[in-house]
C-alpha cells in the first residue's frame, strides 16, 4: 500500500511541477465533484487506518481546488479529526488503548499542542502564493518516503 500510495503521490506532485513549464495546461482551480470526493475520502480513511498515510489521497483531491490557505488547512484538520474519531472504536476493539500507550500519549500531549501552535504560526507566515508550492513539495517528499518504505518492506 505504501509503495502504491507513494508512487501516486510522486506522479501527482511531479505533474504539477511539470505543468508549470506549460502555461496552457492548468491543473489548479478544478471544480470538485461529489463522486471524486467520496472516492478520495474513502481512500484517505482506508490508508489512514492501515498505514497512517491518509494525507496524500486527501491532498490529491483537495489541492487542485486551490482553496484559500486557511480553508485548506481547516478542511484538513476537520477531515482528519473525523477520521481519527472514527478509528477510536476499532482501535479500542484491537486493544490499542493500553495503560502504556495512554501514558505515552499523555507524556507527548504537550509536544502535540506545541507542534500544533507552531504549525498555525508557520502557516500564517507563508505567503498565499507560495503555500501551494510548499504543499506540493511536501507531498513529493512524502511520496518518496512512502516509496522507500514500500520497497524496503518488499525486500525484507
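Every read-out reported here was derived from the displayed coordinates using simple, explicitly stated rules and does not represent laboratory data. Predicted, not measured: the structure shown is a model, and the values here were computed from it. All Cβ positions, glycine included, derive from the backbone under ideal geometry; neighbour counts span all protein chains shown.
Observations on the model:
- Separation of alpha-carbon centers, the stretch 122-144 and the stretch 71-119, rounded to whole Å: 23
- Fully extended contour minus Cα-Cα distance, from residue 106 to residue 36, at 0.36 nm per residue: 21.5 nm
- Relative to the longest principal axis of the Cα atoms of the chain, helix 99-125 runs at roughly 20 degrees.
- Two-site FRET efficiency, residue 67 against residue 125, from Cβ-Cβ distance with R₀ of 22 Å, rounded to 0.05: 0.75
- For the stretch 82-156, the fraction of alpha-carbon pairs lying more than 22 Å apart is 57 percent, rounded to a whole number.
- Neighbour-count order for 79, 17, fewest beta carbons within 10 angstrom listed first: 17, 79
- For Cα extents along the principal axes in Å, the value computed from the atomic coordinates appears in the list (1) 53, 36, 33; (2) 71, 34, 28; (3) 57, 40, 30 under label (3).
- Full-stretch length increase - residue 88, residue 151 - with 0.36 nm per residue and alpha-carbon distance subtracted: 19.7 nm
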